[in-house]
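Read through the structure below, which is laid out as structure tokens, and then see the notes.
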Amino acid sequence: MKSKMMKFQAQVCKTFSNAKRLEVLTLLKTGEMTVNELTKVLKTTKANASQHLKVMRMRGILKTRREGTNIYYRIANKKLASACSLCRRLCRRSWMVIRRDSTEIDRNELRSPV
């Protein structure tokens, strides 16, 4: 049981390793959207957006509802959005440290004699 859960968790995390899917999650934090709305904002094709949405829906990240010919997508569990926001803040902090350290290394290399 534990092994199956870990495999599922790995699949969910793998889903978030795609930048477009993270964009979708960020956009849906404010409320549900249709494929057409997402396509315009993401500046991608409807086929590409639909593929990402399908993966996210299959992993339980998104839910849908149909209204006429439109399918609306929303985040299945708000805790997922919170977890991704936390991860983004941690990544932003790490990114800033890496950039700072990289700048210090560049400066030190300029000072050291060849």
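The values are calculated or read from the model by the stated rules, or taken from the named source; none is laboratory data. None of the values given here were measured: they were computed from a predicted structure. Cβ: placed from backbone, ideal geometry, glycine included. Neighbour counts: every protein chain shown.
Out of the residues in region 62-87 that are in contact with a helix residue (DSSP H, G or I) (Cβ under 7 Å, 6 or more places away or on another chain) and modelled with pLDDT of 85 or more, which is farthest from residue 28 (Cα to Cα)?
Checking each candidate, the answer is 71.
Mind checking which residues of region 1-57 are outside any helix (DSSP H, G or I), loosely packed, with under 13 Cβ neighbours inside 10 Å and either free of Cβ contacts under 8 Å to residues at least 24 places away in the same chain or of a type in the set (Asp, Glu) (or both)?
Matches in region 1-57: 1, 17, 30, 43, 45.
Any residue in region 78-97 that's of a type in the set (Gly, Ala, Ser): show its pairings with residues that are surrounded by 10 or more Cβ atoms within 10 Å (Cβ to Cβ) at Cβ separation under 7 Å, as long as the two are six or more apart or on different chains.
Going by the 7 Å Cβ cut-off, the qualifying pairs are 81/25; 81/29; 81/75.
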